[in-house]
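Notes for the one structure printed next.
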Amino acid sequence: MRTLISSAFISLDGVVEAPGGEPGYRNSGWTFKHTEFIPDAFEIKGREQREATAILMGRVSYEAFSPVWPDMAEFADYKSMPKYVVSTTLADEDLVTNWGETTILRSIEQVAALKETKGGPIIIHGSAALNQDLSDAGLIDRYHLVVFPLLLGAGKRMFSATDKDTRKLQLVQSQAYANGLQLNIFDVVH
């Protein structure tokens with residue numbers, strides 16, 4: 001079974017919406033506006049590209065990343081990696097042609113089936129709604145959380161508020177940085 005890793009920039013109050021400056025959101029670009037940049041705090045992003053064998057994202061994140069990431073040197077390792085987009089509305093003709101193999105999945109059940117295939121880790125970027133659905137379904141195996149010392153108050157949250165059983169996490173790596181960021185890597189205890 002493949003490992004499904006959720007990677008997120010997250011505020012202390014759980015907001016993950018528009019960290020990079022996506023237009024149309026109240027706190028858009030919060031990762032850059034309020035925190036001094038320290039390269040070591042973002043080392044996890046390079047490690048994720050080296051360790052992942054596929055990317056999973058929701059439609060909204062795909063539509064934000066696909067026009068930009070294919071030509072960015074910072075994300076070069078993702079270009080040839082298989083990509084999976086979970087969407088009930090996206091069509092094959094909506095996919096970009098310069099970002100390698102992309103497959104549309106239509107349900108959480110198809111994500112569960114993907115996890116059962118052979119291969120290495122699958123990384124989830126962005127995708128707040130997808131993260132909530134996958135977490136609620138018990139499909140996420142690991143969280144890579146770069147926690148920002150901010151209370152944003154408004155925005156999409158990493159975790160849903162649905163009533164569900166307690167899910168235990170095991171901290172496997174933690175690092176604090178001088179700018180207040182924290183890297184927390186948790187394995188989900190199954």
### Task
May I ask you to list the lysines whose Cα is less than 28 Å away from that of residue 83, ignoring any residue fewer than eight positions away on the same chain?
45, 115, 118, 156
### Task
Could you compute the FRET efficiency for residue 80 and residue 173, with r as their C-beta to C-beta distance and R0 at 25 Å, rounded to 0.05?
0.35
#### Entry: Three-way shape label, segment 118-190, alpha-carbon gyration tensor, a/c 1.5
oblate
### Task
Based on the mean of other Cβ atoms within 10 Å per residue, sort peptides 95-104, 32-41, 60-69, 160-169 so the most packed one is first.
60-69, 95-104, 32-41, 160-169
## Note on the structure
Computed over segment 7-119, the relative contact order (Cα-Cα under 8 Å, seq sep at least six) in percent reads 17
### Message
Using a 1.4 angstrom probe on the protein heavy atoms only, could you order 174, 87 from most to least accessible area?
### Response
174, 87
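For residue 49 and residue 28, compute 0.36 nm times the residue count separating them, minus their Cα-Cα distance, and round to one decimal in nm. If you can, show how the numbers build up before the last one.
Details: separation 21, 0.36 × 21 = 7.56 nm, distance 2.43 nm.
That works out to 5.1 nm of additional length.
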### Anisotropy class of the chain from Cα gyration tensor, a/c 1.5 cut
rounded
### Task
Could you tell me whether segment 63-122 comes out rounded, prolate or oblate from its Cα gyration tensor? Rule is a ≥ b ≥ c as square roots of the eigenvalues, rounded for a/c under 1.5, then prolate if a/b exceeds b/c, otherwise oblate.
oblate
### Message
Of 123, 139, 80, which is farthest towards the positive pole of segment 26-176's charge dipole, taken about the Cα centre with +1 and -1 on the beta-carbons of Lys, Arg and Asp, Glu respectively?
### Response
139
### Alpha carbon centroid spacing (whole Å) that separates segment 118-190 from segment 64-90
20
## Note on the structure
Residues of segment 68-85 with backbone N under 14 Å of the label point set 7 Å from the Cα of residue 101 along Cα→Cβ are 79-85
### Task
For 53, 31, 88, write out the residues from largest to smallest accessible area, computed with a 1.4 angstrom probe and no ligands counted.
88, 53, 31
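The values are calculated or read from the model by the stated rules, or taken from the named source; none is laboratory data. Just so we're clear, the structure is a prediction, and the values are computed from it rather than from any experiment. Ideal geometry is used to build each Cβ from the backbone, glycine not excepted, and the neighbour counts take in all protein chains shown. Side chains are part of the model used for accessible areas, which takes the heavy atoms of the whole protein and leaves out ligands, DNA and RNA. Shrake-Rupley method; radii C 1.70, N 1.55, O 1.52, S 1.80 Å.
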